[in-house]
Amino acid sequence: MLDDAQKEAQERDVKIFNEQIIYNLVRSYTDWVAYQREHEESILFNELPPICKFQFLKGFIFRRNDPAVFGAEIKVGKLKQKVHVVNGEGKKIGIVHQIQDSGKAIDEATVGMQIAVSIKEPTIGRQINEGDVFYTDINSRQAKQLLERFNHRLNEKEKEILHMLVAVKRKSDPTFGYL
C-alpha cells in the first residue's frame, strides 16, 4: 500500500485489511465485523436506563424533601444518576439526583450496596415512606429494546423486574413494550 493511501485511510478512519493469505483476510474481516457489532450494541445498551430494584432503608432519612435524601440498598441491578424512579404500582416518584457511598458521590451503585440517594420531587412521609421498594422507570420504546434486542444482557433477576414493570405498565397501556 502506498504511504499517502495509508495516511488517507487513517485520517478518514477506514479499516484496511492487508493479509497475504485469503483465509487470514476473511478471518480478520469477520473478527472486525463482530467487534464493531458488539461495540455498537454496548453503546446502545449503555444509553438505556439500567433495570434496578432498591429499598428505602428504615431509620436513614437525611432530608425530607427538595430533594429527598435517604439510605437505600440495591436489591437487583444497578442504579445510576438521572434515572426516573417508580414504585411497585408504576406511579412516578421522581428522578435520582445523586448517589453517595460513604459521603462520596458515585455514578452508579450495584447489587448489595447501601448508599444514600437523593431524589427530586417526593416528600418523605407523603409520597414515599421508609421500607418502600422502588424501581427504575422505562418508557415503551426502551422496554421493547430490552425485551427484544438486549434480553441476553440481563440476568434472571433483572429479567423478572423488567417483566414485572412491563406487566404493571400494560394495565394502563395495553401496547406498552410493543411499539
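Throughout, read-outs are computed from the coordinates displayed, never taken from laboratory work. Small disclaimer: the values here were computed from a predicted structure and weren't measured. Cβ atoms come from the backbone with ideal geometry, glycine included; neighbour counts cover every protein chain shown.
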request  = Show me 143-155, 6-18 ranked by packing, highest mean number of other Cβ atoms within 10 Å first.
outcome  = 143-155, 6-18
inquiry  = Going through the cross-link list Lys7/Lys78; Lys15/Lys82; Lys80/Lys144; Lys15/Lys159; Lys104/Lys144, which pairs have a Cα-Cα distance over 32 Å in this structure?
reply    = Lys7/Lys78; Lys15/Lys82; Lys15/Lys159; Lys104/Lys144
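Over the Cα atoms of the range 52-172, what is the Rg over Rh ratio if Rh follows Kirkwood?
Values: Rg = 13.9 Å, Rh = 14.5 Å.
Here the Rg-to-Rh quotient is 0.96.
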message = I want to verify a result. In a Gaussian network model of the chain, Cα cutoff 10 Å, which of these has the top mean-square fluctuation: Tyr135, Tyr35, Tyr23?
response = Tyr23
note = Expected sort for Asp137, Asp101 with the fewest Cβ neighbours (10 Å cutoff) up front is Asp101, Asp137
task = Quick one: dipole size for the chain, taken about the Cα centre, charges +1 on Lys/Arg Cβ and -1 on Asp/Glu Cβ, in debye to the nearest 20.
result = 1020
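Relative contact order, percent, of the range 89-179 when contacts are C-alpha pairs under 8 Å separated by at least 6 residues?
Numbers: 71 pairs, mean separation 24.9, N = 91.
Contact order relative to length: 27 percent.
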remark   = Exposure proxy check on Phe176, Phe134, Phe60: fewest-to-most Cβ neighbours within 10 Å is Phe60, Phe176, Phe134
key: Spatial separation of Cα centroids for the range 37-70 and the range 134-173, in angstrom   = 15
remark   = Listed with the fewest Cβ neighbours within 10 Å leading, Ser28, Ser42, Ser118 appear as Ser42, Ser28, Ser118
